[in-house]
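Peer 1: What follows is a structure written as structure tokens; I'll ask about it next.
Only the coordinates and a few stated rules stand behind these numbers; no lab work does. Just so you know, these numbers come straight off a predicted model, no measurement behind them. With ideal geometry, Cβ positions are generated from the backbone for all residues, glycine too; neighbour counts draw on all protein chains shown.
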There are 4 protein chains.
Amino acid sequence: MKIKAGIVGGAGYTGGEMLRLLVNHPAVAIQFVHSNSNAGNLISDVHTDLLGDTDLRFTDKLSADIDVLFLCVGHGDAKKFLEANDIDGGIKIIDLSQDFRLKANAGSKWVYGLPELNREAIKKAGYIANPGCFATCIQVGLLPLAAKGLLKAEVHINATTGSTGAGQGLSATSHFSWRNNNLSVYKAFEHQHLNEIGESLKQLDSRFNQIMNFIPQRGDFTRGILAAIYIESDLTAEEAQRIYDDYYAAHPFTHVSRKNIDLKQVVNTNKALVHVEKHGSKLFIVSIIDNLLKGASGQAVQNMNLIFGLEEGTGLRLKASAF
Amino acid sequence: MKIKAGIVGGAGYTGGEMLRLLVNHPAVAIQFVHSNSNAGNLISDVHTDLLGDTDLRFTDKLSADIDVLFLCVGHGDAKKFLEANDIDGGIKIIDLSQDFRLKANAGSKWVYGLPELNREAIKKAGYIANPGCFATCIQVGLLPLAAKGLLKAEVHINATTGSTGAGQGLSATSHFSWRNNNLSVYKAFEHQHLNEIGESLKQLDSRFNQIMNFIPQRGDFTRGILAAIYIESDLTAEEAQRIYDDYYAAHPFTHVSRKNIDLKQVVNTNKALVHVEKHGSKLFIVSIIDNLLKGASGQAVQNMNLIFGLEEGTGLRLKASAF
Amino acid sequence: MKIKAGIVGGAGYTGGEMLRLLVNHPAVAIQFVHSNSNAGNLISDVHTDLLGDTDLRFTDKLSADIDVLFLCVGHGDAKKFLEANDIDGGIKIIDLSQDFRLKANAGSKWVYGLPELNREAIKKAGYIANPGCFATCIQVGLLPLAAKGLLKAEVHINATTGSTGAGQGLSATSHFSWRNNNLSVYKAFEHQHLNEIGESLKQLDSRFNQIMNFIPQRGDFTRGILAAIYIESDLTAEEAQRIYDDYYAAHPFTHVSRKNIDLKQVVNTNKALVHVEKHGSKLFIVSIIDNLLKGASGQAVQNMNLIFGLEEGTGLRLKASAF
Amino acid sequence: MKIKAGIVGGAGYTGGEMLRLLVNHPAVAIQFVHSNSNAGNLISDVHTDLLGDTDLRFTDKLSADIDVLFLCVGHGDAKKFLEANDIDGGIKIIDLSQDFRLKANAGSKWVYGLPELNREAIKKAGYIANPGCFATCIQVGLLPLAAKGLLKAEVHINATTGSTGAGQGLSATSHFSWRNNNLSVYKAFEHQHLNEIGESLKQLDSRFNQIMNFIPQRGDFTRGILAAIYIESDLTAEEAQRIYDDYYAAHPFTHVSRKNIDLKQVVNTNKALVHVEKHGSKLFIVSIIDNLLKGASGQAVQNMNLIFGLEEGTGLRLKASAF
């Protein structure tokens, strides 16, 4: 008996990745893929790499005959969708927008869907607010310290994202002629993901109130985020290594690398890799994810697996593109 | 009871892709990964994206307790390996080098492992000569015409390959500073894959003796081959479409697209896509593959699946990187 | 006494390149840069690499106090502009659109501005129709043969262009997430530049009436066109080499390379390079240009230099980006 | 009367850029280009983009008939070269290696060749130690503050460099298949350029003794460095802007941008751009250069111009590649 899944907003990047994952997921049947703009069109006409993999078409009809609903819509639109549509209470909802990530917006029934932080709560959740991509990458780098109350100084973060992080909308900074071989900073010190990161760190360490200096950068690659993080710390390299090893020991997608890491180790996978070094009094952490997978649709499937009692990695053992 | 697989030459690009596929293949157990240069090292120290996926190490020992042996060594080295090592006759061998692709080199016991040409023979084969990457892409574009005896004029082929086609050896043309944003032609009219293509076309149409004009190009991307092919032809667009549809109807990895195609539709998958148009008296065919998957390791696994009676797509339903 | 230049359509790609060239041209003073959409804005706010190089602003006013007018507007808009504005007969006009390239559209007063074809006529011209980028690259590869009446068989052309060839408009195929690491064919056999190429070849060889098979491709780089061309030919390699050497001996921007060439040899320069090989009965020619310079704005300046009696290379000895 | 220039180490990246600049420099005659490995070869056989621009050949002979000698050799080799060769005292020497950048290595006769720091001393210098690429980019971001004694807290620097920063040697991290679409950190907190930066800051502010936290990153582009820098500061945004404006008012290649900047604004130019923002208590500075030009050969020519009393920008008004 397969899990019946519906997708709202199936024509965008995260909707497409959701489809790429679910067409091969052994325990899922896609019931519908909703898109207002593409209703009636073949899914493989929009996500053309799916040619030969599915004959499904987009629909503008919703069906109640589902077990789980993925909301792959823009920020603000998930809230509107749920206000406009009465979803049966038995249907699990996984929202990939930012609408319900912050406690102030979420109410008590939404669980922040970062398995490395909330795995047990996720298993029992009805509604999941799927974390942001930068937020996932940076939290993976900081959670082990927060859990030990060791974030005792300002945090310094520089993180570079691929172009898919900005969605498929056309804009000056997504134009190939501009972005190819280019690099730039944006929203320095003011990226909206700082809020959800802060809430997670406080969840683990209620006294956490440090400044987080975050410089986001636009990279000239398509997939992935690399975060370079440091903080003043008394830990030795060995102590830090052990804290990270212990924290992630039971998490199947997050691994601590003894060696320096590079972004393509995780591209097109649901994995996160972390590497820790000590330099003088600074603890230096590098963390990497694929922004569309562990940073969006992959994590959504991971959350679904947890909710429905499947093995956490089901349908998510993806071949890295590697090159 | 899993198929026990050994890999020789596991540290190179095709060896790495073989590992990326086999660690997730539900019917395979990797018995050993042979590498002289890396014996004793963790596989994930060389193929660093496999961190967290396998604790296997390279070995310089061969084991006879295998069902299938993949040779992922350089051209010329497969022949030498088989001369130097006495492989038990019951072990299936799949060679990814070019050593046994041509009938003159192969002897009767080697089958050319292109399922779209030789599926039934592959199922019964003991030894498989896995096709070249350019050869696979171009044959996918020409086989349906050859099967109908319709290659009655010179064939014109321009095909561009990604950097992984040249292997992981360091060279001037693989240097990032040179190759990025660059394009060049090499081995015009003289690429060695023309021979294996010619033999396949003759197998389907014994009278085939046309000139094949082949311009290979080095692209500034990592994965994939796009071949743009044309030939003088009496077929209408509809007739051509039908011939391609019919030819590939039963082949699970090769699809005929009604729409124009682009390389990334197949990158990081084992699929081949073909698109056919008629312009004046010319029949125009575009075909695309991932050179390391359908053009190498993916096709090797496909061949293994056929040999061992598995469903052809087992372990090969890969998520496209798409972006 | 400097040449006074006006630019219409200064906010686009070819307008920007015109500005990048003219701000450093020793014999030119920019009188105005017209743009309806950007009137009043600093030029360096649009072409941000010009910060520190010019304090000019866009204007929506035209001035008659100029010696030369560059039309850097979209196809169709040059004709409309000239219909709507009465330009003094003494002002030279160089149009970078396609509006006046074909004899049927041009009337007798327009000269097709390819110096390698029409240098003497250009010197005396009042109005220049600046050639297309693909057209320039392909003609550079074919003119020496046409001049000798040696284009006696079908011509086969595959040419790949950078993203700037499609202008700065946002479109699905100019999105970084799509185009990066991608390759595709478009307008196969039907590219509009075939017409201007055909007229030029006929100008040199009135009997020329061969089929030109032209496959344009979209590359994943920003600048440049590489054309791979071949034709059945009786010439030996040495004869062909001599014909090309002779033809281009007096042309300062077009050079015949003894060695194989790659695109980046000409990127960010006004040069064209050609390389000739013989393979069996086929003469194989590779030609490369920067689509925005020799294929657009650089050639426009070259034409201006010729018209005003300057040394042909004035202001056009550009440092290649090389990497 | 032209300045006679000799180049040692002409076959590498910085030697090639030196040649690209000097072949078009109106006041320079290249006397010789020394290369042991390429003696006798055409320069355009190595730097193939120079085909048509020069017929010079590499030589293994040195000539004393020069006014200036550029050392474009590897780190350590400049010192060896000068020990092994007795260069006439009247010949100016500009060394692009790191051998004489630090005061401890340099002795009193070497001047650190950063015009934004030492313009007057450079004009009178005999020997110039040309700054490092990261060092140039970061100093451009910090000098105005140091000059005012305002570097009163730890400095936080994340800077990403293009592949040409690592030279033309082949290595795993310069392989296209690895580097394309990739990003990684290296030498975190330990990059050797920190020393020359520190000496410069102390020169302007003798009390400077702050920790500089520097995370260098390898980007997947060929040219350029972008540094994202911040420091705790009492300055308002306007005060900071004025300090930077004032400091760079008289420097023709360094400009302060009111708007956010991106790397390609300076690629293939000798310019540096700086942008300053205030966020909370942090002063945030972005600075960009082309690592091979302002970060190496362009700056060397700028220094030569200053030494020989030429206008500082002679031969250095380069067209940006822009795309």
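Peer 1: So, with +1 on the Cβ of K and R and -1 on the Cβ of D and E, and no other charges, what is the size of the charge dipole of the range C:82-188 about its Cα centre, to the nearest 20 debye? Working shown, then result.
Peer 2: Details: 11 positive and 8 negative charges, 76 e Å.
Rounded to the nearest 20 debye, it is 360 debye.
Peer 1: Can you tell me which of A:HIS255, A:HIS191, A:HIS34 moves the most in a GNM of chain A? Springs connect C-alpha atoms under 10 Å apart.
Peer 2: Result for chain A, Cα springs under 10 Å: A:HIS191 fluctuates most.
Peer 1: Find the relative contact order for the range C:1-81 and round it to a whole percent, using C-alpha pairs within less than 8 Å whose residues are 6+ positions apart.
Peer 2: Taking the mean separation of contacting Cα pairs over the length of the range C:1-81, I get 38 percent.
Peer 1: For a footprinting-style exposure proxy, rank D:THR173, C:THR59, D:THR161 by other Cβ within 10 Å, fewest first.
Peer 2: Values: D:THR173 14, C:THR59 19, D:THR161 24.
So the ranking, lowest neighbour count to highest, is D:THR173, C:THR59, D:THR161.
Peer 1: With a 10 Å cut-off between alpha carbons and a GNM built on chain D, which of D:ASN291, D:ASN260, D:ASN305 moves the most?
Peer 2: Among D:ASN291, D:ASN260, D:ASN305, the largest mean-square fluctuation in the Gaussian network model of chain D belongs to D:ASN260.
Peer 1: Taking the Cα centre of the range C:133-289 as the origin, how large is its charge dipole in debye, to the nearest 20, when only Lys and Arg (+1) and Asp and Glu (-1) carry charge on their Cβ atoms? Walk me through the numbers before you get to the answer.
Peer 2: Working: 15 positive and 14 negative charges, 70 e Å.
In total the dipole reaches around 340 debye.
Peer 1: Give me the compactness ratio for the range C:120-218, meaning the Cα radius of gyration over 2.2 N^0.38 Å.
Peer 2: Details: Rg = 15.8 Å, N = 99, 2.2 N^0.38 = 12.6 Å.
For the range C:120-218, the normalised Cα radius of gyration is 1.26.
Peer 1: So what's the gap between the Cα centers of the range A:119-185 and the range A:200-272, to the nearest angstrom?
Peer 2: Centre-to-centre (Cα) distance: 11 Å.
Peer 1: Separate question: In nm to one decimal, list the spacings between the C:GLU311 label point and its equivalents in the other copies, with label points set 7 Å along Cα to Cβ, shortest first.
Peer 2: Going from nearest to farthest copy, the values are 1.7, 7.3, 7.4 nm.
Peer 1: Which of the aspartates and glutamates could a cross-linker span from D:LYS259 if the Cα-Cα distance has to be under 17 Å and same-chain partners fewer than 8 positions apart are dropped?
Peer 2: A:GLU190, C:ASP45, C:ASP49, C:ASP53, C:ASP55, D:GLU238, D:GLU239, D:ASP245, D:GLU277
Peer 1: Follow-up question, since we're still on this one. How far, in nm, would the chain grow between A:ARG242 and A:SER108 when pulled straight, counting 0.36 nm per residue and subtracting the alpha carbon separation?
Peer 2: My answer for the length gained is 44.8 nm.
Peer 1: Relative contact order for the range B:157-292: what percent, with Cα pairs under 8 Å and sequence separation of 6 or more?
Peer 2: On the way: 234 pairs, mean separation 40.5, N = 136.
The value is 30 percent.
Peer 1: In addition: Restricting to Cα atoms and excluding each atom paired with itself, what does the Kirkwood estimate give for the protein assembly as shown in Å?
Peer 2: Computed over the protein assembly as shown, the radius equals 32.4 Å.
Peer 1: What's the magnitude of the charge dipole for the protein assembly as shown around its Cα centre, counting Lys and Arg as +1 and Asp and Glu as -1 at the beta-carbon? Answer in Debye, nearest 20. Please report the intermediate quantities before stating the final value.
Peer 2: On the way: 128 positive and 132 negative charges, 0 e Å.
Here the size comes out at about 0 debye.
Peer 1: Distances from D:ALA237 to the same position in the other copies: list them in nm, one decimal, shortest first, using label points 7 Å from Cα along Cα→Cβ.
Peer 2: When each copy's label point is compared with this one, the spacings are 4.2, 5.6, 6.4 nm.
Peer 1: Also: How far is C:SER281 from itself in the other copies, in nm, if each label sits 7 Å out from Cα along the Cα-Cβ line, shortest first?
Peer 2: Listed shortest first, these distances are 1.5, 8.2, 8.3 nm.
Peer 1: I would also like to ask the following. When B:ARG207, C:ARG179, D:ARG119 are ordered from fewest to most other Cβ atoms inside 10 Å of their Cβ, what list results?
Peer 2: In increasing order of surrounding Cβ atoms, one gets B:ARG207, D:ARG119, C:ARG179.
Peer 1: Moving to a separate point now. For the range C:1-71, place one equal point scatterer on every Cα, skip the solvent, and apply the Debye formula. What is log10 of I(q)/I(0) at q = 0.16, 0.20, 0.25 Å⁻¹?
Peer 2: Here the Debye-derived log intensity ratios amount to -0.46, -0.73, -1.17.
Peer 1: If neighbour count is taken as other Cβ atoms inside 10 Å, put A:HIS156, B:HIS75 in order from fewest to most. Walk me through the numbers on the way to the answer.
Peer 2: Details: A:HIS156 23, B:HIS75 14.
If I rank by nearby Cβ atoms, fewest first, I get B:HIS75, A:HIS156.
Peer 1: How many percent of all Cα-Cα pairs in chain D sit more than 33 Å apart?
Peer 2: Roughly 23 percent, rounded to a whole number.
Peer 1: Moving to a separate point now. Only bridges with both residues in the protein assembly as shown count here: give the DSSP antiparallel percent, nearest 5.
Peer 2: Numbers: 110 of 235 bridges.
Counting DSSP beta bridges with both partners in the protein assembly as shown, the antiparallel share is about 45 percent.
Peer 1: Need one number: % antiparallel among DSSP beta bridges in the range C:133-289, to the nearest 5.
Peer 2: Close to 70 percent.
Peer 1: Taking every residue in D:224-231, how many Cβ atoms of other protein chains lie within 10 Å of its Cβ, on average?
Peer 2: 3
Peer 1: Residue farthest toward the positive end of the dipole of chain C, with Cβ of Lys/Arg at +1 and Asp/Glu at -1: which of C:MET212, C:SER97, C:ILE128?
Peer 2: So the residue we want is C:MET212.
Peer 1: Another question about this same structure. Between the range C:78-112 and the range D:18-43, what's the alpha-carbon centroid distance in Å?
Peer 2: Answer, in whole Å: 43.
Peer 1: So, R0 is 51 Å and r is the distance between the beta-carbons of B:ALA64 and B:GLN210; what FRET efficiency does that work out to, to 0.05? Please report the intermediate quantities before stating the final value.
Peer 2: Working: r = 46 Å, r/R0 = 0.90.
Here the calculated transfer efficiency is 0.65.
Peer 1: If I build a Gaussian network model for chain D, linking alpha-carbon pairs within less than 10 angstrom, which residue out of D:TYR247, D:TYR186, D:TYR230 has the largest mean-square fluctuation?
Peer 2: Among D:TYR247, D:TYR186, D:TYR230, the largest GNM mean-square fluctuation belongs to D:TYR186.
Peer 1: Out of D:SER174, D:ALA146, D:GLY224, whose Cα points farthest toward the positive end of the dipole of the range D:133-289 (charges: +1 Lys, Arg; -1 Asp, Glu; placed on Cβ)?
Peer 2: D:SER174
Peer 1: Oh, and also: What is the mean number of Cβ atoms from other protein chains located within 10 Å of the Cβ atom of each residue in peptide A:125-138, rounded to a whole number? Don't skip to the end; give the middle numbers.
Peer 2: Values: counts 0, 0, 0, 0, 0, 0, 0, 0, 0, 0, 0, 0, 0, 0.
Taking all residues of A:125-138 together, the mean is 0.
Peer 1: Sort the range C:133-289 into rounded, prolate or oblate with this rule: let a ≥ b ≥ c be the square roots of the eigenvalues of the Cα gyration tensor; rounded if a/c is under 1.5, and if a/c is not under 1.5, prolate when a/b is larger than b/c, oblate otherwise.
Peer 2: Details: a/c = 1.96, a/b = 1.57, b/c = 1.24.
Here the range C:133-289 falls in the prolate category.
Peer 1: How high is the FRET efficiency from A:THR314 to B:THR314, r the C-beta distance, R0 22 Å, rounded to 0.05?
Peer 2: Computed FRET efficiency for A:THR314 and B:THR314 comes out at 0.85.
Peer 1: What residue of chain B sits with its beta carbon nearest the rotation axis taking B to A, and at what distance in whole Å?
Peer 2: That would be B:SER321, 2.
Peer 1: Only Cα pairs under 8 Å and at least 6 apart count here; give the relative contact order of chain D as a rounded whole percent.
Peer 2: 18 percent
Peer 1: Right, something else. Using only atoms on other chains, find how many Cβ atoms lie within 10 Å of each Cβ of peptide B:53-62 and report the average. Could you put the intermediate results ahead of the total?
Peer 2: Working: counts 6, 0, 0, 0, 0, 0, 0, 0, 0, 0.
Taking all residues of B:53-62 together, the mean is 1.
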